[in-house]
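Visitor: Here it is, the structure in full.
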Amino acid sequence: MAATWRLALTFWVGGLWLLHFVVLPSLERFGLASLLVEDVARGLRPLLMGFAAFCAILQGALLHFARDVARPLRDSRGQLLLVCLVSVAAYFALRHWAPEIEYGLRFAYLVTAFAGALLVMRRAPGGHA
């Protein structure tokens, strides 16, 4: 259970951080046109946010079935997973109804990434580390 938790966390949190802080800035620094970098971001951000939601639901199920957690929403890990799911829902709602609000989309993306980073610092359910 702890291995699945860590693996899912690595994929979605690492993917969010890697795209925003490594891939997109390096594409800009490499000299690609800014419109091309924006197109890459517009294509990859929704995919990563959807993947983050899937992994957060998987981790919520793992947290629910963990023996050391009586009530997942009273645990800080469950609360952070809920923050992730709410920010992903806000991202897709903004993307659907108000796609011109770029700052709102980036804010929801970064809230998800920072909540994931806080989850990385928590111990895995059923694990010792």
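Conditions (1) surrounded by 12 or more Cβ atoms within 10 Å (Cβ to Cβ); (2) over 22 Å from A89 (Cβ atoms); (3) in contact (Cβ under 8 Å) with a residue 60 or more places away in the chain; (4) in contact with a Pro (Cβ under 8 Å, 6 or more places away or on another chain), marked per residue:
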| site | (1), (2), (3), (4) |
| --- | --- |
| T4 | yes, yes, no, no |
| E38 | yes, yes, no, no |
| A41 | yes, no, no, no |
| G50 | yes, no, no, no |
| L63 | yes, no, yes, yes |
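Visitor: Any residue at all in segment 66-75 that's surrounded by 13 or more Cβ atoms within 10 Å (Cβ to Cβ) and among the acidic types (D, E)?
Guide: yes
Visitor: Please find, within segment 116-129, the residue that is surrounded by the most Cβ atoms within 10 Å (Cβ to Cβ) out of those that are small (G, A, S) and either modelled with pLDDT under 95 or under 19 Å from T4 (Cβ atoms) (or both).
Guide: Among those residues, the one meeting the criterion is G116.
Visitor: Separate question: Output the number of residues of segment 8-36 satisfying the condition of being of a type in the set (G, A, S) and open to solvent by 90 Å² or more (accessible area, probe 1.4 Å).
Guide: Final tally of qualifying residues: 0.
Visitor: Okay, next question. Residue under question is L94, and the condition is that it be open to solvent by 30 Å² or more (accessible area, probe 1.4 Å) and on the phi < 0 side of the Ramachandran plot; does it hold?
Guide: Details: open to solvent by 30 Å² or more (accessible area, probe 1.4 Å): yes; on the phi < 0 side of the Ramachandran plot: yes.
The answer is yes for L94.
Visitor: Return yes when Y109 is within 17 Å of L18 (Cα to Cα) and either more than 14 Å from the chain's Cα centre (by Cα) or hydroxyl-bearing (S, T, Y) (or both) and no when it is not.
Guide: On the way: within 17 Å of L18 (Cα to Cα): yes; either more than 14 Å from the chain's Cα centre (by Cα) or hydroxyl-bearing (S, T, Y) (or both): yes.
Yes: the conditions hold for Y109.
Visitor: Looking for something modelled with pLDDT of 95 or more and part of a helix (DSSP H, G or I) - is there at least one such residue anywhere in segment 71-80?
Guide: yes
Visitor: Right, another one. Would you mind telling me which numbered condition in (1) among the hydrophobic types (A, V, I, L, M, F, W, C); (2) touching a residue at least 40 places away in the same chain (Cβ under 8 Å); (3) touching a Leu at 6+ places or on another chain (Cβ under 7 Å) L73 fails?
Guide: L73 satisfies all of (1) among the hydrophobic types (A, V, I, L, M, F, W, C); (2) touching a residue at least 40 places away in the same chain (Cβ under 8 Å); (3) touching a Leu at 6+ places or on another chain (Cβ under 7 Å) except (2).
The values are calculated or read from the model by the stated rules, or taken from the named source; none is laboratory data. Keep in mind that this is a model prediction, so the values were computed, not measured. Ideal geometry is used to build each Cβ from the backbone, glycine not excepted, and the neighbour counts take in all protein chains shown. Ligands, DNA and RNA are stripped out before the accessible areas are found, and what is left, the full protein with its side chains, is counted by its heavy atoms. Shrake-Rupley method; radii C 1.70, N 1.55, O 1.52, S 1.80 Å.
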